[in-house]
Every structure is written in structure tokens, then in C-alpha cells.
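Read through the structure below, which is laid out as C-alpha cells, and then see the notes.
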């Protein structure tokens, strides 16, 4: 399949195949070569949710640098391929990496995201689709409350490549701690609710799922459609 950014290999599966170490390494090898030629591998999962195993698609799309979508029925397939087609099939930014520079006295205690390191070469850059986002939920703490200065700054720097020309791009945003703590908390509350949802799915217990749903509902007084959908999905979980 040809797109505006190159070519796609689309794998449609019910997740029943088993990807062992050898197969995963083979996929990674070919995906690396294909990525240099702007060939991306997109995964489309299908079949009953109860028996679906996302292990295959997780490996294939991670190594193939493409999107992954699970479609549990015809209506969802119609919605994704009609209303959100570009998010599934297109690439807006190649090789995205995000760097966060904190004041010296801060230490990260918890991290919810793909991966992190003080060495950028240890992190696999990610391709982003149109309208996509990279979310890093972190808990940072100062070594001593007495040394924290609201006038100190933190810097976020994003680097990526243009999808057509591979031209390097960079954007930087610097804010003071006072500006950060004095701003709106809506997105932070939403992010924590999404993390609770993901952690509940990993736990798979009724208690975790119910607690996560309560947190999602509490974080959504304004009727955010994404949080509405998450609350509905949690209630449909077999262990809820």
C-alpha cells in the first residue's frame, strides 16, 4: 500500500500466532532495513476480545515502527478506517525523541511510559501519526524542599525528522516551576486517570478495574470523550 510518506505493510491477525525470540529478532532486522526506505508495518488486530492476544502485534508494530489498532467489531472498523484513517496509516514525524532537563535537585521516582534514559542513544525513537501524542507520566521529588526555587526553569526539547525529506527538526519549551505549578491541572489529572486505566488492565482484578473507573469518572467533570470511552471500556472488562 502506498501512502503520502512511503509504503505500508499491513498485518491483519487475531493474535493467535506465536512470536518467539528468533522471529522477533528477524522482524527487527528486516524492519530496520525497511524503515530506512520509509516502509512501515501496521498491525490490525481482530477477533473476540476475551481470546485476543496482543503479543504478536506489539512486537510487529514496535519493530516495524507503525501503528497498531484493535478492531472488535464492524462498527469500530468503520469508525477507525473512516474517521481516523490518517492516525492509523500515516506518519507525521519520524524518529521522535523528547528530552527533559530538570533543576539539579529533582529526582524521578516513578515513570509511566515506553522507556527513559539519560543517554539518548539507548532510547528507540518513535514515529508519530497525525494527531498522535507522546505522554510521559512522571513523579519527581526534590531532595530538599528548602532548595526548591519557583524561579528555576525546566526545559522540554523534542527532536524529530520530517517524513518526506528526513530533515532534522527541533522544538524547545522552557518554563519556570512557578508557571508550571500555577497552570491548569486538567491534563495532569487526565493523564493520571489514563495511567490508572493502564495499570488496572495489567492487574486484571475487579478491585483495580473498579478503582480505575472511579478515578476516570472523577477526572472527567466536563465530559471528555476519550475519558468517557475509557470508562465504558473498563465496565465491559470480563473481570470488572
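The values are calculated or read from the model by the stated rules, or taken from the named source; none is laboratory data. From a predicted model like this one, the values you see are computed outputs, not experimental measurements. So basically every Cβ, Gly included, is an ideal-geometry build from the backbone, and we count neighbours across all protein chains shown.
The table below gives the values:
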| quantity | calculated |
| --- | --- |
| Residue within the stretch 176-196 that is touching a helix residue (DSSP H, G or I) at 6+ places or on another chain (Cβ under 9 Å) and free of Cβ contacts under 8 Å to residues at least 24 places away in the same chain present | yes |
| Wholly within the stretch 134-220, strands (runs of 3 or more DSSP E) carrying at least 2 residues that are loosely packed, with under 14 Cβ neighbours inside 10 Å and touching a strand residue (DSSP E or B) at 6+ places or on another chain (Cβ under 8 Å) | 137-142, 168-176 |
| Candidates 116, 40, 68, filtered to the one that is outside any helix (DSSP H, G or I) and modelled with pLDDT under 75 | 40 |
| Residues located in the stretch 71-113, provided they are assigned to a helix (DSSP H, G or I) and without any contact (Cβ under 8 Å) to a residue 40 or more places away in the chain | 74, 75, 76, 77, 78, 79, 80, 81, 82, 83, 85 |
| Residue check, residue 111 at pLDDT 90 or above and within 26 Å of the chain's Cα centre (by Cα) | no |
